[in-house]
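Presented below is the structure to which this report refers.
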Ligand SMILES: *Cc1c(COP(=O)(O)O)cnc(C)c1O
């Protein structure tokens, strides 16, 4: 049996494990055209470093994040000892409900975190305007959107700072890694200082990551994905453990350590193929968006004229939860790379209870209940995609 991964990760060639070391941070910075940037061991680690640097600058403590986002974002805020507030999304949107956001902003707001989900480009400009009025910073969570652009400029550079993730499943992968970026010459040294003080040379952790990256290079291919991705997925589904099936369960411990020259070398060689790979995945996504566009009741999140997002997956919304659940019953676990972005809004994960407030977020809950994702991996062939489309046609 074949198995498509849930997102379009750039497969590594085993040959890329060998060669000169280092150079990834600089190459990734150039790829997005960021004036200042730095590498850390995960996107979450980058977010932590940015938060600590900003907190030291302003003394404020409240961080406002979307109520529908990666649980690691909430865990990072808790890790820093800061206060989390959730802002709902606008109805049927991936962007903030701006009325609610403006009500949340006050003299303790440290940062607001617009999020470029699923490779799409979030509306940062109105958030920036609000943030400036209340003296808050804007941190763009671009973990899923390395390479996405708006009017020719990379995401992550409109706000005060931004970060990308190079975790497995996020496009380009170092197995774990992250890049923070900023255009602000005053902020960059503050983030670098936080990095130098807090990020250790944890040789053991890094050694593990090197082994994991080597294993990833060998096993991230259709012949092995049924074992490394499909088996644990179907086990979680069988148990009814949907948060695990969606990959939403994380340890509250957030490691901070340096990325070795060896892993950086692997990433730099892979990065040289990323532009061509993203052109291929964009072309595939455009073809498939057009096909889904013909299905009544299926809404796919896509780009506006000025936006050029990236396409790890196609994120779509069905008319109601009942139909979404029927589609998932038939497709999740079928080896076709269909899954959920996040299974819940943040207040609805039991394991996050200690660090997430029960803020009101009907639209985030609605999105969690009605949305799903289709892999945009090049390994999901047209026949597999046609099977997905026919299920969607049937249920929607
Ligand atoms: C994955 C992800 C993160 C965290 O990135 P890691 O590299 O896994 O730590 C943050 N925000 C969003 C939206 C993500 O999808």
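Read-outs throughout are calculated quantities, based only on the coordinates presented, and are distinct from any laboratory measurement. Not measured: the values here are computed from a predicted model. Reconstructed Cβ throughout: ideal geometry from the backbone, glycine too, with neighbour counts over all protein chains shown.
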For the range 231-275, Kirkwood radius (reciprocal of mean inverse C-alpha pair distance, Å): 13.7
Cα-only Rg/Rh for the range 137-199 with Kirkwood Rh rounds to 0.99
Counting every Cα pair in the range 290-396, what percent are over 20 Å apart? 44
Normalized C-alpha radius of gyration of the range 146-249, against 2.2 N^0.38 Å? 1.39
For the chain, modelled as a Gaussian network with Cα springs under 10 Å, which listed residue fluctuates most, 373, 99, 282? 99
Using the basic label-point model (7 angstrom from Cα toward the beta carbon), what is the residue 212 to residue 102 distance in nanometres? 4.3
Efficiency of FRET from Cβ geometry, residue 358 and residue 223, R₀ 51 Å, rounded to 0.05: 0.70
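Taking a temperature of 20 °C and a viscosity of 1.002 mPa s, what whole-number D in µm²/s does Stokes-Einstein yield for the range 176-326 with Rh from Kirkwood over alpha carbon pairs? Don't skip to the end; give the middle numbers.
Values: Rh = 19.8 Å.
In µm²/s, the coefficient is 108.
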Where is the GNM fluctuation largest for the chain (alpha-carbon springs, 10 angstrom cutoff): 55, 344, 116? 55
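Shape call for the range 51-197 from the C-alpha gyration tensor, a ≥ b ≥ c root eigenvalues: rounded (a/c under 1.5), prolate (a/b greater than b/c) or oblate?
On the way: a/c = 1.39, a/b = 1.07, b/c = 1.29.
Because its axes are fairly even, with a/c under 1.5, the range 51-197 counts as rounded.
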Taking the alpha-carbon centroid of each part, what is the distance from the range 360-375 to the range 145-199 in angstrom? 26
Over its alpha-carbon atoms, the range 357-396 yields an Rg and a Dmax in Å of 15.0, 44
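How much length is gained on full extension from residue 351 to residue 306, taking 0.36 nm per residue of separation minus their Cα-Cα distance? Display every interim value, and only then the final one.
Numbers: separation 45, 0.36 × 45 = 16.20 nm, distance 3.91 nm.
That works out to 12.3 nm of additional length.
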Given bins 5 angstrom wide, list per bin the percent of all Cα-Cα distances in the range 37-128, short to long. 3, 13, 25, 24, 22, 10, 3, 0
Using alpha carbons only, how many angstrom separate the centre of the range 206-274 from the centre of the range 93-112? 33
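Report the antiparallel proportion of the DSSP beta bridges in the chain as a percent, rounded to a multiple of 5. Don't skip to the end; give the middle numbers.
Working: 23 of 38 bridges.
Counting DSSP beta bridges with both partners in the chain, the antiparallel share is about 60 percent.
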With N set to the residue count of the range 1-86, report its C-alpha Rg divided by 2.2 N^0.38 Å to two decimal places. 1.46
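Residue separation times 0.36 nm, minus the C-alpha to C-alpha distance between residue 279 and residue 15: what's the value?
The residue 279-residue 15 span can extend by a further 92.8 nm.
Let me have the 222 nm mean residue ellipticity of the chain computed from DSSP H runs of 4+ only, each contributing -39500 (n - 2.57), with the sum over all residues rounded to the nearest 500.
On the way: 14 runs with 158 residues, N = 396.
Here the helix-only value at 222 nm equals -12000 deg cm²/dmol.
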In vacuum, with every alpha carbon of the chain counted as one equal point scatterer, what does the Debye formula give for log10 I(q)/I(0) at q = 0.10, 0.11 Å⁻¹? Two decimals, please. -0.61, -0.76
Give me the three principal axis extents of the range 239-343 from the C-alpha atoms, as integers in angstrom, largest value leading. 49, 39, 26
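Find the relative contact order for the chain and round it to a whole percent, using C-alpha pairs within less than 8 Å whose residues are 6+ positions apart.
Details: 831 pairs, mean separation 105.5, N = 396.
Once divided by the residue count of the chain, the mean separation gives 27 percent.
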